[in-house]
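Some notes on the structure that comes next.
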Ligand SMILES: Cc1cc2nc3c(=O)[nH]c(=O)nc-3n(C[C@H](O)[C@H](O)[C@H](O)COP(=O)(O)O)c2cc1C
């Protein structure tokens, strides 16, 4: 397969990621996001909020008070994991995260967060806080200003993509590495 075909494959990955953002039925809309937490590796499901091939950026949204935030600050390297059980395609995307909070980017993103989701950011206690009853962990008020104060965007610049497809007869794997000006592509042993 030529480099052109690998670049087409890469283009298809970014296209699919962008489509998944808009499609609640797409399993790539719910990736796992891994980071080096304060107490070792940590991983969680996230909703993919944007995917931009031109900027090589994936984003997610979270509560600035969540325990993952100090992890990103300690070590900004991140790993995203996407899997589609129908096509048996796994994509791993790695890069570096920047946390946006109370800035131009979060102000632009906030209006497109559905009101019911905005409420998730207005719990009195931070995510992960110990409570005596689950009811105490629910959003206590509907004050959009206090909710926005906790809203953060995890903005990840991607520099490596590992694509793997399991097939009935054979498996295929390709790796894409951003060298600062272009994506270098290679087939690798699955
Ligand atoms: C399907 C699903 C989607 C989720 N999406 C998000 C999300 O977009 N943002 C978020 O902060 N947490 C999301 N969560 C919750 C996280 O997985 C995690 O439990 C939470 O962010 C606290 O993680 P932390 O302790 O690592 O900060 C989601 C969980 C599930 C099950």
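The values are calculated or read from the model by the stated rules, or taken from the named source; none is laboratory data. In this text, all values refer to a predicted model and were calculated from it rather than measured experimentally. Positions of Cβ are generated from backbone atoms using ideal geometry, with glycine treated the same way; all protein chains shown enter the neighbour counts.
Criterion first (surrounded by 18 or more Cβ atoms within 10 Å (Cβ to Cβ), at pLDDT 95 or above, more than 21 Å from residue 101 (Cα to Cα) and over 14 Å from the mean Cα position of the chain (by Cα)) does residue 9 satisfy it?
Answer is yes for this residue.
Residue by residue through the range 18-49, note down the ones that are surrounded by 18 or more Cβ atoms within 10 Å (Cβ to Cβ) and in contact with a helix residue (DSSP H, G or I) (Cβ under 6 Å, 6 or more places away or on another chain).
Correct list: 20, 28, 29, 35, 48.
Would the range 158-177 turn up any residue that is assigned to a loop (DSSP other than H, G, I, E, B) and closer than 30 Å to residue 65 by Cα?
Checked the range 158-177: no residue is assigned to a loop (DSSP other than H, G, I, E, B) and closer than 30 Å to residue 65 by Cα.
Give the residues of the range 119-149 that are within 16 Å of the ligand (Cβ to nearest atom) and outside any loop (DSSP other than H, G, I, E, B), sorted by residue number.
Passing the criteria: 119, 120, 121, 122, 134, 137, 147, 148, 149.
Given the structure, is residue 68 within 12 Å of the ligand (Cβ to nearest atom), within 30 Å of residue 173 (Cβ to Cβ) and either surrounded by 14 or more Cβ atoms within 10 Å (Cβ to Cβ) or at pLDDT 95 or above (or both)?
Here the answer is yes, as residue 68 does meet what is asked.
Is the range 155-168 home to any residue that is within 16 Å of the ligand (Cβ to nearest atom), modelled with pLDDT under 95 and touching a helix residue (DSSP H, G or I) at 6+ places or on another chain (Cβ under 8 Å)?
Within the range 155-168 (the criterion being within 16 Å of the ligand (Cβ to nearest atom), modelled with pLDDT under 95 and touching a helix residue (DSSP H, G or I) at 6+ places or on another chain (Cβ under 8 Å)), the answer is no, since none of the residues qualifies.
I'd like the full set of residues that are touching a residue at least 24 places away in the same chain (Cβ under 8 Å) and surrounded by 13 or more Cβ atoms within 10 Å (Cβ to Cβ), limited to the range 124-138.
Of everything in the range 124-138, those that are touching a residue at least 24 places away in the same chain (Cβ under 8 Å) and surrounded by 13 or more Cβ atoms within 10 Å (Cβ to Cβ) turn out to be 126, 127.
What tally of residues in the range 71-92 results from selecting those that are within 14 Å of the ligand (Cβ to nearest atom) and under 14 Å from the mean Cα position of the chain (by Cα)?
So the count comes out to 7.
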